[in-house]
Amino acid sequence: MIRNPWRHNEPLDHAELARLLPPPADPHLAADRQDLLEEYLMSEIHQSDHAPAAAPARRPLRRAVLFATPVAAAAALAVVVSVGGSPNANTVAAPALVKAPVVQVEEGSTGQLASTVSEIAAAATARTTPQPGPGQFVYIKSRVSFMSTRNNVDTGESTTWVQPLHDREVWKSPDGTKGWLDEPGYQDKGGITLDNKEPRKQSTYQWLAAQPSDPDALLKSVYATVSGDRDHDQQAFREIGSLIREQLVPSALAASLYQAVGKIPGVVVVEHAQDASGRDGIALARLDPQTGERSEWIFDRETHQYLGSRGVQVREFDGVKPGTVVEQTTIVTRAIVDAKNQRPGAGQATV
């Protein structure tokens, strides 16, 4: 069929569109990436009067996928990929993407896994963690960079780009029903609401506080939150990773959480890994067998405090080359505050 791409009133041939479009994505996103995607879609809703369409990506772990396509398929892909409308007065133009950094892939090992987990757990136990009270919020400020991939279907070439490192601030009520996200350049000015009458229970502070302190029982509880055909071990690893990154883990549970992680098959220690601030640390990591990406949780080598995370491509997948750093985060501040949009000040508890 020959179609004039400029004739917007021409009826669509859905059968042909199905042949042009890539196969649908695996719907079972990792828990932390699902949270990020939900927040991204919520920000796009604020920028458009139209509801967002499902966002296909063969790689199920990305916040955005950009396609350079032939003209004939562009309109069809736009229907699926575009989730926003025309920018409004509150929209902040996102900074231009930059090429993803590439590092030498260091092989992970289980040789020091038990001792490393033990040291991290002991350090977590020794730290005092404040408990949020009624009406208070868990506040996390981090610096982050996530990946987008631009594919050229004419040449088969793809280029991996990442967002410039930027601030991200999140406020979460203990029960998860109220929250706020401020990510300048990637959300509306001032941020967007994360209020939700039915939050994912396992991502809330209250859910964490109610979990058993025995590592085996805790790990069983985490596995009960995952489902689908994707690797359940990887899902459990990422589920815990999302809690470590953007939640407050009660001090009574922290050590058990890390001990539980050490029991997940495939978890290794990477001796040298850098967070988004360039701080070198030791990492607990696991390779996603489907995507070839290794997720790394980076800890200070001396204090064993969590610094941030990194995603490194170990095996080429979907055009992303080995050694490509596909995501970076670093924790700046973790605290308890009294209201949404409030930042910690003198006298307020920080972690």
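The values are calculated or read from the model by the stated rules, or taken from the named source; none is laboratory data. From a predicted model like this one, the values you see are computed outputs, not experimental measurements. With ideal geometry, Cβ positions are generated from the backbone for all residues, glycine too; neighbour counts draw on all protein chains shown. Each accessible area value is taken on the protein alone, full model and side chains, heavy atoms only, with ligands, DNA and RNA left out. Shrake-Rupley method; radii C 1.70, N 1.55, O 1.52, S 1.80 Å.
Show the residue pairs meeting these rules: Cβ distance below 7 Å; 6+ apart or different chains; first residue within segment 291-303 and under 21 Å from Thr125 (Cα atoms) and in contact (Cβ under 8 Å) with a residue 24 or more places away in the chain; second residue assigned to a loop (DSSP other than H, G, I, E, B) and of a type outside the set (D, E, K, R).
Listed by first residue and then by second, the contacts come to Phe299/Gln305.
Out of everything in segment 328-340 that is open to solvent by 10 Å² or more (accessible area, probe 1.4 Å) and under 14 Å from the mean Cα position of the chain (by Cα), what residue ends up being farthest from Lys178 (Cα to Cα)?
Top of the filtered list is Gln328.
Residues that are over 16 Å from the mean Cα position of the chain (by Cα), at least 2 per element: which strands (runs of 3 or more DSSP E) completely within segment 222-326 meet that? Full working, then the answer.
Working: elements: 268-274, 280-287, 293-299, 306-313.
So the answer is 268-274, 280-287.
Give me a count of the residues in segment 288-320 that are among the basic types (Lys, Arg) and open to solvent by 50 Å² or more (accessible area, probe 1.4 Å).
Pass one, segment 288-320, residues among the basic types (Lys, Arg): 294, 301, 310, 315.
Within this subset, residues satisfying the condition of being open to solvent by 50 Å² or more (accessible area, probe 1.4 Å) are 301, 315.
Residues flagged as among the basic types (Lys, Arg) and open to solvent by 50 Å² or more (accessible area, probe 1.4 Å) within segment 288-320 amount to 2.
Which of the residues belonging to segment 177-212 are open to solvent by less than 20 Å² (accessible area, probe 1.4 Å), of a type in the set (Gly, Ala, Ser) and part of a loop (DSSP other than H, G, I, E, B)?
Within segment 177-212, Gly185, Gly191 meet the criteria.
Which condition number does Gly323 fail, the rest of (1) exposed (fewer than 15 other Cβ atoms within 10 Å of the Cβ); (2) on the phi > 0 side of the Ramachandran plot being met?
Among (1) exposed (fewer than 15 other Cβ atoms within 10 Å of the Cβ); (2) on the phi > 0 side of the Ramachandran plot, the lone unmet condition for Gly323 is (1).
Taking segment 265-286, which residues are open to solvent by 20 Å² or more (accessible area, probe 1.4 Å) and over 20 Å from Thr330 (Cα atoms)?
Result: Pro265, Gly266, Val268.
Is there a residue being outside any loop (DSSP other than H, G, I, E, B), open to solvent by less than 20 Å² (accessible area, probe 1.4 Å) and within 29 Å of Glu316 (Cα to Cα) anywhere in segment 125-143?
yes
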